[in-house]
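This report concerns only the one structure given below.
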Amino acid sequence: MYEKILRPGDSRFRAFLEMTAQRSYRCQFVLPGDNEAGGTTGGEDVEMADGEGDQDVCCRRGKRCERTEERLDRAQGHARQHFEYRPFVCGGKCARPDCTQRFYSSGQKDDHIRRSIPRRKECEACGKQISIQNVSRHMKVIHNQTVVQEKSPPTYKPY
């Protein structure tokens, strides 16, 4: 077995990942088991904390995980799941200001925030529920009105 060397700035969870020939990342986490002591047979499933049951089981006691992910951030998020480490906090960025839900990866947090944003709006003229991106078209076609959309002034980034 060789020793993995982490560079400064690397996530400590990267130590559990191995890059394959196909340029994907394979998890090398081994769930501790009692195989050596003769206690378990090594075939029982691991209970995950979120209670989703067998669909989230990726490991068996005493066996290597070997789940592969194409992207490094997703592979590191998977490695965090083995330790139940959730460093990404919503912090009220979703529709609920008191939300303190935690996530394994920033992508999961972003999905949580994106799902909580309302996607439909009620038409002021007819009361019909309309997708937000179609409000101006609805007003023009159905009610023969033009909607003046407020445009924010362009922001320039300093050099």
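The values are calculated or read from the model by the stated rules, or taken from the named source; none is laboratory data. Just so it is clear, the model here is predicted, and its values are computed rather than measured. Cβ coordinates were reconstructed from backbone atoms using ideal geometry, including for glycine residues, and neighbour counts include every protein chain displayed. To get the accessible areas, we keep the full protein, side chains included, count just its heavy atoms, and leave off ligands, DNA and RNA. Shrake-Rupley method; radii C 1.70, N 1.55, O 1.52, S 1.80 Å.
Does region 44-55 include one or more residues that are within 20 Å of the chain's Cα centre (by Cα), within 15 Å of Ser105 (Cβ to Cβ), open to solvent by less than 100 Å² (accessible area, probe 1.4 Å) and at pLDDT 50 or above? No, every residue in region 44-55 fails to be within 20 Å of the chain's Cα centre (by Cα), within 15 Å of Ser105 (Cβ to Cβ), open to solvent by less than 100 Å² (accessible area, probe 1.4 Å) and at pLDDT 50 or above. Taking first residues from region 10-26 that are among the charged types (D, E, K, R) and surrounded by 12 or more Cβ atoms within 10 Å (Cβ to Cβ) and partners that are in a helix (DSSP H, G or I) and at pLDDT 80 or above, the Cβ contacts under 7 Å between residues at least 6 apart in sequence or on separate chains come to Arg14/Gln76. So, Arg61, is that one open to solvent by 70 Å² or more (accessible area, probe 1.4 Å), at pLDDT below 70 and not aromatic (Phe, Trp, Tyr) or not? In short, yes. State whether the residues of region 115-133 include one that is of a type outside the set (A, V, I, L, M), closer than 30 Å to Gln28 by Cβ and touching a helix residue (DSSP H, G or I) at 6+ places or on another chain (Cβ under 8 Å). Among the residues of region 115-133, not one is of a type outside the set (A, V, I, L, M), closer than 30 Å to Gln28 by Cβ and touching a helix residue (DSSP H, G or I) at 6+ places or on another chain (Cβ under 8 Å), which makes the answer no.
When residues in region 91-137 are screened for being under 30 Å from Leu72 (Cα atoms) and among the hydrophobic types (A, V, I, L, M, F, W, C), 6 of them pass.
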